[in-house]
Amino acid sequence: MQFKVPQFLDIEDKIFGPFTFREFAYLAGGAGLCYILFKLLGLLFAAIPILLIAGFSGMLIFYRPNNKPFINMLESGFKYFSQNKLYIWKKKKSSSANNQPQATTDNKDQAVYGNKLTGSKLRDLAWSLDVLDLRKNQEHQL
């Protein structure tokens, strides 16, 4: 017995013409707010706020940066500015006269690769990774 597997679960249904329910809510909310401002302030004083609200509502509906809804970008920006940020800086003591901070590396990396990763060591490392990856692919094919 075969079962049909639902596909395209992440795509919202178009309920109001070409708009989803969420897009229609943004459209109706923006239009309603513009109408209220027009009735309260008149066209002369409400022109700039109406244009700002209509533009913001239009961006919520039609603007899709990186093929994602604009509201996701707003949410991420709000979280970035409202959450605490943790900055870690480890100053390495050096015997040089200028005492400028230097980047630190893990002891494991220093033990394996030495103090500096030169071009030849980097090529050797890349080659060994390619060889290990080829061996893994050959084992899966057998």
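The values are calculated or read from the model by the stated rules, or taken from the named source; none is laboratory data. Just so it is clear, the structure is predicted and the values come from calculations on it, not from any experiment. Here the Cβ is made from the backbone with ideal geometry for all residues, glycine too, and neighbour counts use every protein chain on show.
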- Message: Six or more apart or on different chains, Cβ atoms under 6 Å: show the pairs whose first residue is in the range 66-89 and closer than 30 Å to F21 by Cα and whose second is modelled with pLDDT of 90 or more and part of a loop (DSSP other than H, G, I, E, B).
- Response: F70/Y63
- Taking the range 1-41, which residues are part of a strand (DSSP E or B) and out of contact with any helix residue (DSSP H, G or I) (no Cβ under 7 Å at 6 or more places or on another chain)? K14, T20
- Query: Out of the residues in the range 1-41 that are surrounded by fewer than 10 Cβ atoms within 10 Å (Cβ to Cβ) and among the acidic types (D, E), which is modelled with the lowest pLDDT?
  - Reply: D10
- Message: For the condition part of a helix (DSSP H, G or I) and either modelled with pLDDT under 80 or surrounded by fewer than 13 Cβ atoms within 10 Å (Cβ to Cβ) (or both), what is the one hit in L44, L60?
- Response: L44
